């Protein structure tokens, strides 16, 4: 776990009192623990009910595999009319629909099982696309680590107050702690769009992350 310290300013006040403001930062490397996958489905048809039927069949299959929504979220779909224009006049062609799921699996086999189940029931009218499989850090892990790092930073600020007391020969304590924006992380490699046939499930991309927490900490020091 990395720790950083940055002194912003130290104004001396009347009566041997002092205020100190610093930027404190802590970080921790996170090990990928989930396999992220996005599943997209598109269909065009003049019959809007046909699209709804095909999409609902896919949604039902995902629910059978994941009844508690432990792995996948999404399942809502968009439907919109499609027009061609001739002589600046719209000509109705049909409807276009898109269905999307974003999933986090514990192992490749779970993705393969869901993928095979969908292939068994999916209509040949539906075009399937997905992002590259990616080993990354799950959202639950990120939230848990963020809370842990906040506690580490608060303890670090207390130690820093003790150090200021020794250096200034005053009684220093933490006055306020203002955490900056939510925990930052190293960017994930961009997911490449491809058809299911082009996706390799043997060697998913692995993406390490570094969770970083920073805060502006104010200290006040006065005579002992």
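Quick look at the numbers
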read-out: Taking the stretch 35-136 and dividing mean pair separation by its residue count, relative contact order in percent (alpha carbons under 8 Å, at least six apart); value: 49
read-out: Cα-based shape type of the stretch 86-150, given that a ≥ b ≥ c are square roots of the gyration tensor eigenvalues and the cut on a/c is 1.5; value: oblate
read-out: Inter-centroid distance (Cα atoms) of the stretch 160-183 relative to the stretch 24-45, Å; value: 36
read-out: Exposure proxy order (Cβ contacts within 10 Å, fewest to most) of 213, 20; value: 20, 213
read-out: Order of 62, 93 - criterion: other Cβ atoms within 10 Å of each residue's Cβ, fewest first; value: 93, 62
read-out: Protection proxy ranking of 111-117, 100-106 - average other beta-carbon atoms within 10 Å, highest first; value: 100-106, 111-117
read-out: Least to most buried among 107, 29 (fewest other Cβ within 10 Å first); value: 107, 29
read-out: Förster-model FRET efficiency, 25 Å R0, residue 69 and residue 108, C-beta, rounded to 0.05; value: 0.80
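Each reported figure results from applying straightforward, stated rules to the coordinates on display, with no laboratory input. Just so we're clear, the structure is a prediction, and the values are computed from it rather than from any experiment. Cβ coordinates were reconstructed from backbone atoms using ideal geometry, including for glycine residues, and neighbour counts include every protein chain displayed.
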